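Worksheet for the structure shown next.
The values are calculated or read from the model by the stated rules, or taken from the named source; none is laboratory data. Keep in mind the model is a prediction, meaning the values are calculated, not measured. Neighbour counts run over all protein chains shown; Cβ positions are idealised from the backbone, glycine included.
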């Protein structure tokens, strides 16, 4: 059975084919918490799906009793669902097909486990000593709650017609007139704290909730003039990506008026430093407000102290901010977690880019945050001590603090795992561009030429050192990283595309690297593999050691274009755009398998791929800009 996902900000719904929530990670979620772990419709008869139509805003499923071929069903059921911010609304219509009255009992079985998303991701076993309660209110509404100290989550179930309640089941007996139908409306509300919605209000209507969602998306998408170069397939991918970005906007932690790109469904609908920054950068020419909101949100949670438990350091930009139970009580380090080496330079790169698009205002507002970020790069980040941005691999949370953050992703060509402190190649490119970009701000906005000269000089030294230390002689390529013993981590990896994007390599070297990225070992025909085929650790269905990430390929396209390899950049872009055309709604997934296009005439999705996902949604925008 397949699953289907819809999203509105920090609220999302995963259902099966029948629009039920019955198994696995299916559920109705809000703010990192599952508010319904079961939502199962029944009439007492075995039902089959006649039709299922889903768009971004709503789901419509038609069901009927599974009768034998020579027997017509007595009735049909029409289920319509829509997702609001913190709410799920459903309308059920049962239609009688007979010339006599029919009574049909309709039931919804429900449960709310209030599970934290880290439990459901399978990242460990966690103790949750809170208390579950169920209260049936006077109006017939059901209030489900979970409390642990001052932490409280609740789910309210309400209906247009009072239900009979028994255990974890709501039921109604509907008297259907001959050839007539009876409607029923339900609403599920999710929230936290002591204040719950007042009792007795009528459920919202599916059409109204879907209309509000549709208008919100249309307002975000319409009026955005993205060059598609007479390329209708790219135009379709851009439009799909913009719609996904509209749905993935989430309120910034502590700043609900700021809507920032959440990283993706199902596990990443929150502020993510690297993800939100790269997404905002890709969308910057078209939706600069995303960049402005992201910059403000990250500046608000910028590191202030040294806290090894969450790898916080003064000036450092956060990796992620969480609000679920396990984060709230310190059972994971991710409540406010700083395990990222690259978000800080990317923050500075985005700030400089935003200034070029939207003027000096943000650069003036965030000057102190920018200077603190630069200080972090020199001191805690490692530029002073190591000559490069580095991260340790023995801290809490993630082993690797670059975009390839899985435990086996930074490795040698023979499969040996790299040990820290690690200087990964793309982080040095980001640092180079951050220094150049911030020097421009210092010189032209902050009127501090001495500071600008200091940053420019350090950028030049970093560029020279990088070419000397990272260049793989005889490979015409750059090392994936330097390990803790300053050895070149010699796996041929797609991180090199990010290096080209940053401009840290001289033109001749950049063109050599760019041409290698288009070779069959790297380019699957759909996109750039994260690890070139033929190396010991390569696996085509690996998250970071052989899969194809759309955002990674789009960055490679931008890097090749920057290096003057327009033909090669277009070749990569054509593969990724073709992959989008094979996806429902032209939506690129987070990651695809690294099988060759000649082997699979359609792109194969990685089994745990997030979708929709912000990087992937923004990838067509970056391609359109890069090839303009």
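Laid out as a table, the results:
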read-out	value
Among (1) over 27 Å from residue 580 (Cα atoms); (2) at pLDDT 95 or above - the single one residue 514 does not satisfy	(1)
Helices (runs of 4 or more DSSP H) (entirely within segment 228-347) containing at least 2 residues that are closer than 30 Å to residue 458 by Cα and out of contact with any strand residue (DSSP E or B) (no Cβ under 7 Å at 6 or more places or on another chain)	273-283, 288-300
So residue 435, is it assigned by TED's automatic domain parsing to the domain that holds residue 350 and within 30 Å of residue 123 (Cα to Cα)	no
Some residue of segment 161-181 being free of Cβ contacts under 8 Å to residues at least 60 places away in the same chain and closer than 22 Å to residue 13 by Cβ	yes
Qualifying position, being buried (at least 24 other Cβ atoms within 10 Å of the Cβ) and over 23 Å from the mean Cα position of the chain (by Cα), among 514, 508, 525	514
Qualifying residue in segment 60-69 (condition: in contact (Cβ under 8 Å) with a residue 60 or more places away in the chain and in a loop (DSSP other than H, G, I, E, B))	no
Selection status of residue 447, on the phi < 0 side of the Ramachandran plot and either part of a loop (DSSP other than H, G, I, E, B) or touching a residue at least 40 places away in the same chain (Cβ under 8 Å) (or both)	no
For residue 425: the one exception among (1) at pLDDT 95 or above; (2) in contact with a strand residue (DSSP E or B) (Cβ under 9 Å, 6 or more places away or on another chain); (3) surrounded by fewer than 21 Cβ atoms within 10 Å (Cβ to Cβ)	(3)
Yes/no for residue 45 being surrounded by fewer than 18 Cβ atoms within 10 Å (Cβ to Cβ), within 17 Å of residue 94 (Cα to Cα) and either in contact with a strand residue (DSSP E or B) (Cβ under 7 Å, 6 or more places away or on another chain) or not assigned by TED's automatic domain parsing to the domain that holds residue 157 (or both)	yes
Residue within segment 575-583 that is under 21 Å from residue 477 (Cβ atoms) and more than 21 Å from the chain's Cα centre (by Cα) present	yes
Conditions (1) out of contact with any helix residue (DSSP H, G or I) (no Cβ under 7 Å at 6 or more places or on another chain); (2) assigned to a helix (DSSP H, G or I): number failed by residue 569	(1)
First in segment 285-296 and under 13 Å from residue 347 (Cβ atoms), second anywhere and part of a loop (DSSP other than H, G, I, E, B), Cβ under 9 Å, 6 or more apart	291/284; 294/271; 295/366; 296/366
Residues being out of contact with any helix residue (DSSP H, G or I) (no Cβ under 9 Å at 6 or more places or on another chain), touching a residue at least 40 places away in the same chain (Cβ under 8 Å) and in a loop (DSSP other than H, G, I, E, B) - total across segment 503-537	5
Residues satisfying the stated conditions in segment 482-502, i.e. over 23 Å from residue 619 (Cα atoms) and part of a helix (DSSP H, G or I)	none
From the options 407, 372, residue that is more than 17 Å from residue 462 (Cβ to Cβ), touching a residue at least 40 places away in the same chain (Cβ under 8 Å) and either outside any loop (DSSP other than H, G, I, E, B) or assigned by TED's automatic domain parsing to the domain that holds residue 294 (or both)	372
Filter pass, residue 564 being surrounded by fewer than 20 Cβ atoms within 10 Å (Cβ to Cβ), assigned to a helix (DSSP H, G or I) and touching a residue at least 40 places away in the same chain (Cβ under 8 Å)	no
Some residue of segment 29-43 being over 19 Å from residue 170 (Cβ atoms), part of a loop (DSSP other than H, G, I, E, B) and more than 21 Å from the chain's Cα centre (by Cα)	no
Matching residues in segment 410-444 - criterion: being touching a residue at least 12 places away in the same chain (Cβ under 8 Å) and part of a loop (DSSP other than H, G, I, E, B)	410, 412, 413, 414, 415, 418, 419, 420, 421
Elements of type strands (runs of 3 or more DSSP E) in segment 100-198, at least 1 residues being buried (at least 18 other Cβ atoms within 10 Å of the Cβ) and in contact with a strand residue (DSSP E or B) (Cβ under 8 Å, 6 or more places away or on another chain)	102-111, 142-148, 151-159, 169-176, 181-192
Tabulated pairs, segment 222-239, first assigned by TED's automatic domain parsing to the domain that holds residue 621, second surrounded by fewer than 13 Cβ atoms within 10 Å (Cβ to Cβ), C-beta under 8 angstrom, 6+ apart or interchain	227/628; 229/628
Any hit, segment 316-327, residues being without any contact (Cβ under 8 Å) to a residue 24 or more places away in the chain and surrounded by fewer than 24 Cβ atoms within 10 Å (Cβ to Cβ)	no
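For (1) in the same structural domain as residue 607 (by TED's automatic domain parsing); (2) more than 26 Å from residue 421 (Cα to Cα); (3) touching a strand residue (DSSP E or B) at 6+ places or on another chain (Cβ under 9 Å), each residue gets a yes or a no:
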residue	(1), (2), (3)
486	yes, no, yes
515	yes, yes, no
531	yes, no, yes
548	yes, yes, yes
551	yes, yes, yes
